[in-house]
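One structure is given below, encoded as structure tokens.
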Amino acid sequence: MAVPAYLYQVLAAVLFCIGVMGVLFRRNILVIFMCVELMLNAANLSLIAFARALGNVDGQVVVFFALAVAAAEVSVGLAIIIDLFRKKGTVDVEQVSLLKG
Amino acid sequence: MLQLFWLIPLLPLFGFLLNGLGLKWMPRKAAGWLACGAVGAAFAIGVGALIELIGLPLADRSITHVLFPWIMAGDFHVNVAFMWDPLSAVMTLIVTGVGFLIHVYSLGYMAHDEGFKRYFAYLNLFTFAMLVLVLADNFLLLFVGWEGVGLCSYLLIGFWYTKKSAADAGKKAFIVNRIGDFGVLVAMMLTFWTLGTLTFPEVFHRAQTLLSPGTAIPTAIALLFFLGATGKSAQIPLYVWLPDAMEGPTPVSALIHAATMVTAGVYLFVRASGMFVLAPDALAIVAVVGAVTAIFAATIGLVQTDIKRVLAYSTVSQLGYMFLAVGAGAFVAAIFHLLTHAFFKALLFLGSGSVIEACHHEQDIRKMGGLGAKLPITKTTFIIGSLALAGVPIFAGFFSKDEILYSVFTSQLGGLGKVLWILGAAAALLTAFYITRLVALTFYGKPRDKHIYDHAHESPKVMTVPLVILAILSTVGGFLGLPLAEKANVMHNWLGPWVGGHGAEAPSGAEGAVLHATSHSAGLEVALMAISVALAIIGIWAAWRLYIKDLPRVQELSRKFAGAYRVLWNKYYVDEIYNALFVRPIVDGSRVLWRAFDVGVIDWAVNGTGRVLRGTASYLRPIQNGLAGSYAAAILLGAILIMGYVLLGGWR
Amino acid sequence: MELVGFLLLAGATIAGAMGVVLQRNALYGALSLVGVFVATAVLYLMLSAPFLAVLQLIVYAGAIMVLFIFVIMLISVRYEESGEAAGVPGGAKRYTAMGLAAVLVILFTILSFKMALTPSGSEGPGSITELGFALYQKYMFPFEVASILLLVAIVGALSITRRHGRGLEGNVALEEHH
């Protein structure tokens, strides 16, 4: 039988929440970043499911762009992380509280 | 010239601005000449305008020049406008004429003073304000001038502001005046409320039609204005600032506290006489206060030892005469006395200034004596002034004082008038006495302080020439108001139609004093004249005998009547009484209020706000721990809350 | 049948996600993320988005994760969160793992082919033709902007990591610290 449409959304939601948990509870900044990618991925999934459900291709176009943006974002984000690592010698977010106060 | 009369106040204003703004770079001499020139030019214009005014037919003798519309708020219209009519012309010439002489005198008197330029700036400012006062065509502008002269009085009394007594005297003058100003303000409000206007011609016109004589409103207005007059013109109960005002430079005392500012109250009453005749009860009170003040101040002046204080109390006393005249309905007589008083009182003050200069700023007459030989011009002019003050015929004071006394005696005040006449006559006796005492102790007898006597010298020409001019005026000035000769009485013919209810309308040729009950009786007038002359001579003779021939007896008398002497010398302890009754309670009350309210409540609230904020901030600060993770958690929490709210139907 | 496939793939995705979040070692987490991306690509196939499925594999799994692994190797290898560095097991464990991996891959492939319903990748809904039309007509502007965005990202990444005053040589030795 065909998969009910809402299940895809449920899956996307679950993935998203797992990603959120990772962002909140991990200390390694690289892992945090990966969880962010996970969240993005979940959103993409949701969009494509909707595109299929609504019968048009706009959702896929959005995912296309989201993919491009994610690529750009990852490269810049990793550059920042590298720079942070050079300056602080650590990738533990709890030790980088420069904005404190 | 008539069309340019509105320049008259502006010339001294210009002088003030130049001197005031240019204090740094204006050369000393130039400042003095500029100030004198401004007033002198104003005087010249005034003379020209007066001559042209004389040439106009009787009914046209009032010219208004509007400078600009000032307040236009609904029904309330007030312009900045000046009015040139016989009354304002007379006042203007007094202010500018005597003012000019005093300006010139000051060139000499203040020559060695540090604040020379500041002094002349203030003097010009004062002249401007006073001219605004007398030329205003409405109550509000008059009040502007009124306040302006009050301000200048403060500035000039406290001219030597580093001296505590001078600074205090300045404050006292201003504060006491303020009490009177309250009366003027309320009176103006009442006037506007009932009559709908503040411009003089309209006010008097409407007053005649809208207000009934003797009712509450005109009486209230009159009494409130009188409250202001007691402040500005130093009557009981607000005269207390005038003796202290002698802390200022002597020419200031001459100008402000003898010739011009203190006469503002009298001028106000004469100007508004058209309205005040509707309040005979108020006028009666004015007369009583005036008479009582006259004799009260005269008693104090009997024993004062500071040359200027004697003259100060004399001024209070003479102002009392003017108000007595006003109260009796003799408005022209009041102005006449104002005029003559300006001459001889200014003369006396300037003369005393000359003496003080000669004695190196000594003002205690107990240390003087025999100065006549060293200061001949001063002595002669001073004596002329004294004779005028005492009311000796042919000198100016005689005519004006006499007319007042006659008017009071025959006024509609009836029996009260006779009583007041007695007070006035008694005051005249005392006046003659104290002024002769002053002359005797200063210029005659044996010098009591060798040092002062040796160094005494006559003043320079720039000071003695004004003295001489004033002396001449004090001699012939009285002929402007000859009694018993209706056609020749210049003052009455000039001013009569313009005061006392005839102002600004087509005047009849009748006398201004509409309140005369009895007819003009020549015999009575002569008889009363004779009595006052006799009193004057008695006073002079008694003082002469006592203070020139028999000085030790003075000591004896002062010991015998030590109690009375002490009371008089301490001016009836009025200042102390006021202090206990009014000043101390207010000051103490203020201190309590300050502590309890200002510090306790307001400061507590303001500081408390700061404290609360600081506390809250220190409580909230740990939220910013700089860890991105906790920020992300907060964002998530917020997102969940919002989504929950939306999903549960909260968003419409 | 489709449902079964979906559930399997969903399970795989979730397992991979949990792996990312729960793994102590960042490198293993990255590998889990690759698994997630692969499973998601298969899901895209099931959702009639073949082009995007392939794109996902190329961009996400192929480029982004490679970047991640580079950086993790450079940095995190030194600062592992847990005390033990997991050594590479040798011998039987290794071969078992490899065999299991191969089986998994074959299974996945068969399943994908069986479950995928898209008839052809170049026609019909969700096909590349349709996507192309949408991209180059309706979404032309965002397309161009996206290319600029990528350029900016390149420049940004370079400028952030550049060592000042050392020119190109500065970019080479990342091991040095200030």
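Suppose we filter region A:8-24 for residues that are more than 7 Å from chain C (Cβ to nearest Cβ), among the aliphatic types (A, V, I, L, M) and surrounded by fewer than 24 Cβ atoms within 10 Å (Cβ to Cβ); how many remain? Residues flagged as more than 7 Å from chain C (Cβ to nearest Cβ), among the aliphatic types (A, V, I, L, M) and surrounded by fewer than 24 Cβ atoms within 10 Å (Cβ to Cβ) within region A:8-24 amount to 5. The listed residues are B:310, B:286, and the only one of them that is buried (at least 24 other Cβ atoms within 10 Å of the Cβ) and within 23 Å of residue B:216 (Cβ to Cβ) turns out to be B:286.
The set of residues from region B:230-247 being within 26 Å of residue B:350 (Cβ to Cβ), in a helix (DSSP H, G or I) and not basic (Lys, Arg) comprises B:231, B:241, B:242, B:243, B:244, B:245, B:246, B:247.
Taking region A:56-101 as the range and being more than 24 Å from residue C:26 (Cα to Cα) and either of a type in the set (D, E, K, R) or part of a helix (DSSP H, G or I) (or both) as the test, the residues that pass are A:58, A:59, A:60, A:61, A:62, A:63, A:64, A:65, A:66, A:68, A:100. Among residues that are more than 7 Å from every other protein chain (Cβ to nearest Cβ), assigned to a helix (DSSP H, G or I), surrounded by 13 or more Cβ atoms within 10 Å (Cβ to Cβ) and at pLDDT below 85, residue C:108 is included.
This table checks each residue for (1) outside any loop (DSSP other than H, G, I, E, B); (2) of a type in the set (Asp, Glu).
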| site | (1), (2) |
| --- | --- |
| B:438 | yes, no |
| B:448 | no, no |
| B:458 | no, yes |
| B:463 | yes, no |
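Close Cβ contacts (under 6 Å, 6 or more residues apart or on different chains) running from residues in region C:46-70 that are facing chain A (nearest Cβ under 7 Å) to residues that are among the charged types (D, E, K, R) comprise C:47/A:52; C:48/A:52. Among the residues that make up region B:521-540, is at least one of them modelled with pLDDT under 65 and loosely packed, with under 13 Cβ neighbours inside 10 Å? Scanning region B:521-540 turns up no residue that is modelled with pLDDT under 65 and loosely packed, with under 13 Cβ neighbours inside 10 Å. On the stretch given as region B:209-222, residues that are closer than 28 Å to residue B:72 by Cα and in contact with a helix residue (DSSP H, G or I) (Cβ under 7 Å, 6 or more places away or on another chain) total 7. Across region B:394-422, the qualifying residues are those that are of a type in the set (A, V, I, L, M) and buried (at least 23 other Cβ atoms within 10 Å of the Cβ), and the one among them that is farthest from residue B:474 (Cα to Cα) is B:413. Can you find a residue that is of a type outside the set (A, V, I, L, M), free of Cβ contacts under 8 Å to residues at least 40 places away in the same chain and not in a helix (DSSP H, G or I) anywhere in region B:572-594? No: region B:572-594 contains no residue that is of a type outside the set (A, V, I, L, M), free of Cβ contacts under 8 Å to residues at least 40 places away in the same chain and not in a helix (DSSP H, G or I).
Of all the listed residues (A:27, A:86, A:52), the sole one being within 11 Å of chain B (Cβ to nearest Cβ), among the basic types (Lys, Arg), farther than 19 Å from residue C:63 by Cβ and touching a helix residue (DSSP H, G or I) at 6+ places or on another chain (Cβ under 9 Å) is A:27.
Checking each residue of region B:52-60 against the condition of being β-branched (Val, Ile, Thr) and free of Cβ contacts under 8 Å to residues at least 60 places away in the same chain gives at least one match.
For region B:345-354, does any single residue satisfy the condition of being within 20 Å of residue B:293 (Cα to Cα) and either assigned to a helix (DSSP H, G or I) or in contact (Cβ under 8 Å) with a residue 12 or more places away in the chain (or both)? Yes: one or more hits. Residue pairs whose Cβ atoms lie under 6 Å apart, separated by 6 or more positions or on different chains, with the first residue in region B:143-171 and over 19 Å from residue B:231 (Cα atoms) and the second among the small types (Gly, Ala, Ser) and surrounded by fewer than 22 Cβ atoms within 10 Å (Cβ to Cβ), are B:160/B:166; B:161/B:167.
For region B:60-74, state whether one or more residues are buried (at least 21 other Cβ atoms within 10 Å of the Cβ) and either assigned to a helix (DSSP H, G or I) or outside the structural domain of residue B:264 (by TED's automatic domain parsing) (or both). Among the residues of region B:60-74, not one is buried (at least 21 other Cβ atoms within 10 Å of the Cβ) and either assigned to a helix (DSSP H, G or I) or outside the structural domain of residue B:264 (by TED's automatic domain parsing) (or both), which makes the answer no. Does residue A:94 fit the bill of being among the acidic types (Asp, Glu), without any contact (Cβ under 8 Å) to a residue 12 or more places away in the chain and under 24 Å from residue B:630 (Cβ atoms)? Against the criterion (among the acidic types (Asp, Glu), without any contact (Cβ under 8 Å) to a residue 12 or more places away in the chain and under 24 Å from residue B:630 (Cβ atoms)), residue A:94 does not qualify.
Can you pull out every residue in region B:423-438 that is surrounded by fewer than 24 Cβ atoms within 10 Å (Cβ to Cβ) and either touching a strand residue (DSSP E or B) at 6+ places or on another chain (Cβ under 9 Å) or under 24 Å from residue B:479 (Cβ atoms) (or both)? Listed by number, the list holds a single entry, B:425.
Out of A:5, A:68, A:79, one residue alone is at pLDDT below 90 and either facing chain C (nearest Cβ under 9 Å) or in contact with a Lys or Arg (Cβ under 9 Å, 6 or more places away or on another chain) (or both). It is A:5.
The values are calculated or read from the model by the stated rules, or taken from the named source; none is laboratory data. As the structure is a prediction and not an experimental result, all values here were calculated from the model. Positions of Cβ are backbone-derived with ideal geometry, glycine not excepted, and every protein chain shown enters the neighbour counts.
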